[in-house]
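*Asks:* The following block contains the structure, expressed as structure tokens.
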Amino acid sequence: MISSKLPNVGTTIFTTMSQLAVQTGALNLSQGFPDFNGPQALLDAVGRHISAGHNQYSPMTGLPALRQQVAAKVARQYGVTVDADHEVTITPGATAAIFCAIHAVIRPGDEVIVFDPCYDSYEPAVELAGGRCVHVQLGADSFAIDWQKLSDALSPRTRMIVINSPHNPSGALITRAELDQLAALIADRDIYVLSDEVYEHLVYDGARHASVLAHEALYARAFVVSSFGKTYHVTGWKTGYVIAPPALSAELRKVHQYVNFCGVTPLQWALADFMAEHPEHVEELPAFYQAKRDLFCGLLQGSRFQFKPVAGTYFQLVDYSAIRPDLDDVQMSVWLTREHGVATIPVSVFYQQPIPEQRLVRLCFAKREETLRQAAEKLCAI
């Protein structure tokens, strides 16, 4: 008999809902990927590098040219200098970066604080490292950190705190002042920070992303993770990176080299070229996705769903209490997919202990205008 190391883990809700969307022919606003291509110049660069013979292993830490472009972007965006050689590591996706960061420092018996609702990859990585997640609920409406709850959750066994901003699934942002609070709270404790910033460039209404990279006290003990897939509309490339101080990067790389060793070489070459030639891409992303958010939210104004436009990410939460309060959000997501042709994600799956009265589903607006209009029409007809 197999004794599972992850007995509570099954097929993810993202896979389940995407499969249901395919089976029913529903519009897939569940899983977080665009239904449009990345920039043509980026796509063309891949073929060019494949033809040029860039098809063998890249360096374990990532292609030097790409690490240098990441460091240059960090300098432009956040005004800080990171060492491309000793602090930037390219990984096969942000999920792999998160896994390696956790396994670099978490040992059996350690506790890791995560904020619910939280992305589903954190806890399995902690459990496989022999640690235990301590779940702290964010505000039910604001999705802000409850500092008293966080303080109460700290123990001598706390070894890491995982933060995520812009936040999936809510789109909430952590402010610089909140980073200051976190730094003060853990200043005298041996606690690492894992900052999941994969949506760092998807921040709206003139706000600026508060990165741990630009917070000296926190960065000294942090792993900061981001995603080329989210930034360049190529989620299937599964290419990301992690930035950490040299000592932490060295430990992370010890794990990374035995998880996947390196990322996909021609993709790294293509990204390095595109980042060098089109640095404006990340500057234009907020307006690009805000236009999609505003279009989608404007179209949904005629529906019975209740919502506030999100501050970040490419996900919009909607409250369906006025439509089917008798259904929990998993049932609602299936009902919307089967009966109304729009696949969504139930928010309860991001909680260890779901809030019973919460009636929220998550919609992805990283879609073509035609898709958003079709989806809104179906949702407004309910």
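The numbers here are math on the coordinates, done by the rules we state, and not lab data. Given the structure is predicted, the values throughout are model-derived calculations rather than measurements. Using ideal geometry, Cβ is built from the backbone for each residue, glycine included, and neighbour counts are taken over all protein chains shown.
*Asks:* For C133, enumerate residues with amide H under 5 Å from its amide H, sequence gap 5+ or separate chain, H modeled in the peptide plane.
*Replies:* V112
*Asks:* Using a simple spin-label model with points 7 Å from Cα along the Cα→Cβ vector, what separation in nm is obtained for E277 and I382?
*Replies:* Going from the E277 label point to the I382 one covers 4.3 nm.
*Asks:* To continue, here is another question. What is the calculated FRET efficiency for S51 to V259, with r their C-beta to C-beta distance and R₀ = 22 Å, to the nearest 0.05? Provide the component values of the computation, followed by the final result.
*Replies:* Numbers: r = 29 Å, r/R0 = 1.33.
E(calc), rounded to 0.05, equals 0.15.
*Asks:* Out of P59, A376, L182, whose Cα points farthest toward the positive end of the dipole of the chain (charges: +1 Lys, Arg; -1 Asp, Glu; placed on Cβ)?
*Replies:* P59
*Asks:* Ok, one more. Hey, got the dipole for region 40-278? About the Cα centre, +1 on K and R Cβ, -1 on D and E Cβ, debye to the nearest 20?
*Replies:* Roughly 520 debye, rounded to the nearest 20.
*Asks:* Then there's this: Under 5 Å between amide hydrogens, which residues at least 5 positions from V342 or on another chain qualify, with H placed 1.01 Å from N in the peptide plane?
*Replies:* Amide H neighbours of V342: L27, T337.
*Asks:* Follow-up question, since we're still on this one. Over what distance in Å are the Cα centres of region 315-382 and region 242-263 separated?
*Replies:* Using only Cα atoms, the two centres lie 38 Å from each other.
*Asks:* Calculate the spin-label point distance for F288 paired with R368, positioning each point 7 Å from the Cα along the beta-carbon direction, and give it in nanometres.
*Replies:* Calculated label separation equals 1.7 nm.
*Asks:* Starting from the Kirkwood radius over alpha-carbon pairs of region 1-81, derive D by Stokes-Einstein at 25 °C in a medium of 0.890 mPa s and give it in µm² s⁻¹. All intermediate terms of the calculation are to be shown ahead of the outcome.
*Replies:* Details: Rh = 17.7 Å.
Answer from the Stokes-Einstein relation: 139 µm²/s.
*Asks:* For the chain, with a Gaussian network of springs between Cα atoms less than 10 Å apart, report the residue from S226, S51, S121 with the top mean-square fluctuation.
*Replies:* S51
*Asks:* If you don't mind, there's one more thing I want to ask. Could you tell me the center-to-center distance, by alpha carbons, between region 130-201 and region 12-49 in angstrom?
*Replies:* Between the Cα centre of region 130-201 and that of region 12-49, the gap is 30 Å.
*Asks:* Let me ask you something else. Return a single number: how many Lys pairs in the chain, at a sequence separation of 8 or more or on separate chains, have alpha-carbon atoms below 16 angstrom apart.
*Replies:* Eligible lysine pairs with Cα atoms under 16 Å apart amount to 7.
*Asks:* When ranked by the protection proxy of mean other Cβ atoms within 10 Å per residue, highest first, what sequence do the peptides 306-313, 19-26, 368-375 form? All intermediate terms of the calculation are to be shown ahead of the outcome.
*Replies:* Details: 306-313: 20.2, 19-26: 14.8, 368-375: 16.9.
Those peptides, ordered most packed to least, come out 306-313, 368-375, 19-26.
*Asks:* On to the next question. List the chymotrypsin sites (Phe, Trp or Tyr not before Pro) within region 156-240 that fall in a DSSP loop (any state other than H, G, I, E or B) and whose Cβ has at most 15 other Cβ atoms within 10 Å. Let's see the in-between values first.
*Replies:* Numbers: sites: Y192, Y199, Y204, Y219, F223, F228, Y232, W237; in loops: Y199, Y204, Y232.
Nothing satisfies the criteria.
*Asks:* I need to check one value: relative contact order of the chain, counting alpha carbon pairs closer than 8 Å and at least 6 residues apart, in percent. Don't skip to the answer; put the middle values down first.
*Replies:* Values: 715 pairs, mean separation 96.1, N = 382.
For the chain, the relative contact order is 25 percent.
*Asks:* Set the Förster radius R0 to 35 Å, insert the Cβ-Cβ distance between A250 and D35 as r into 1/(1 + (r/R0)^6), and round the FRET efficiency to 0.05.
*Replies:* Details: r = 40 Å, r/R0 = 1.14.
Efficiency at R0 = 35 Å is approximately 0.30.
*Asks:* What list of ³J(HN,Hα) couplings, whole Hz, do you get for region 149-156 from phi and the Karplus terms 6.51, -1.76, 1.60, once you set θ to phi - 60° and write x for glycine and proline?
*Replies:* 4, 5, 4, 5, 7, 5, 8, x
*Asks:* Put a dot 7 Å past each Cα toward the Cβ at K5 and R189; how far apart are the dots in nm?
*Replies:* Distance between label points: 2.8 nm.
*Asks:* Subtract the Cα-Cα distance of D44 and T81 from 0.36 nm times their separation in residues, and report this length gain in nm to one decimal. Please report the intermediate quantities before stating the final value.
*Replies:* Working: separation 37, 0.36 × 37 = 13.32 nm, distance 3.05 nm.
That works out to 10.3 nm of additional length.
*Asks:* Ok, one more. Could you tell me whether region 142-263 comes out rounded, prolate or oblate from its Cα gyration tensor? Rule is a ≥ b ≥ c as square roots of the eigenvalues, rounded for a/c under 1.5, then prolate if a/b exceeds b/c, otherwise oblate.
*Replies:* Oblate is the answer for region 142-263, as a/c is 1.5 or above yet b/c matches or exceeds a/b.
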